[in-house]
Amino acid sequence: MALAAAVSLVLLASWGVVLVTRGVVRRVVAGLGLLSALGLAVVTYAGWARLPDSLVESLRQAGVESPGTEVTGWFWAAVLATLVSIATTALAVAWCPDWPEMGSRYDAPGADRDEPRPVDPNSLDLWKSMDEGRDPTA
């Protein structure tokens, strides 16, 4: 089901954002991850409830006389993954304020920095020579 894959990618992306954010943003994104996990449960249930009948009907229209469907181990793996996702994201919402934050050295350059960064004159000369069309590695 394409919708289950899309919701799973939103859940995965929310975990990536939770790891690199701080404070209230972290908790909000963890809440979005929890909503995504709950949405994944709804999509998984809808797939179990509707997909087999829809597949049987499509096969009958295609000319198959006695189509049959069965639930495989992949469905149960999806159910297990959904339950684990719900549990872990609920714990993330509850516990994320106590998690350590990334250091400020990973912030974008110029973000809340008071002291200017020293400029290496050799580096500046290399850039100037490239601007003039000379290859500094030659």
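Quick look at the numbers
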{"read-out": "Pro67 being without any contact (Cβ under 8 Å) to a residue 12 or more places away in the chain and farther than 23 Å from Ser8 by Cα", "value": "no"}
{"read-out": "Residue match in the stretch 31-49 (condition: surrounded by 12 or more Cβ atoms within 10 Å (Cβ to Cβ), in contact with a Leu (Cβ under 9 Å, 6 or more places away or on another chain) and part of a loop (DSSP other than H, G, I, E, B))", "value": "no"}
{"read-out": "Residue match in the stretch 45-68 (condition: out of contact with any Cys (no Cβ under 8 Å at 6 or more places or on another chain), modelled with pLDDT of 95 or more and not hydroxyl-bearing (Ser, Thr, Tyr))", "value": "no"}
{"read-out": "Residue in the stretch 44-58 that is within 30 Å of Cys96 (Cα to Cα) and touching a residue at least 24 places away in the same chain (Cβ under 8 Å) present", "value": "yes"}
{"read-out": "Complete set of residues in the stretch 97-124 that are at pLDDT 75 or above and outside any loop (DSSP other than H, G, I, E, B)", "value": "Pro97, Asp98, Leu124"}
{"read-out": "Selection within the stretch 60-96 - in a helix (DSSP H, G or I), loosely packed, with under 10 Cβ neighbours inside 10 Å and within 31 Å of the chain's Cα centre (by Cα)", "value": "Gly73, Trp74"}
{"read-out": "Gly23 being closer than 21 Å to Met1 by Cα, modelled with pLDDT under 90 and loosely packed, with under 11 Cβ neighbours inside 10 Å", "value": "no"}
{"read-out": "Selected residue (only one of Ser129, Ser36 is modelled with pLDDT of 75 or more and within 23 Å of Ala13 (Cβ to Cβ))", "value": "Ser36"}
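The values are calculated or read from the model by the stated rules, or taken from the named source; none is laboratory data. For clarity, every value in this text was computed on a predicted model and none was experimentally measured. So basically every Cβ, Gly included, is an ideal-geometry build from the backbone, and we count neighbours across all protein chains shown.
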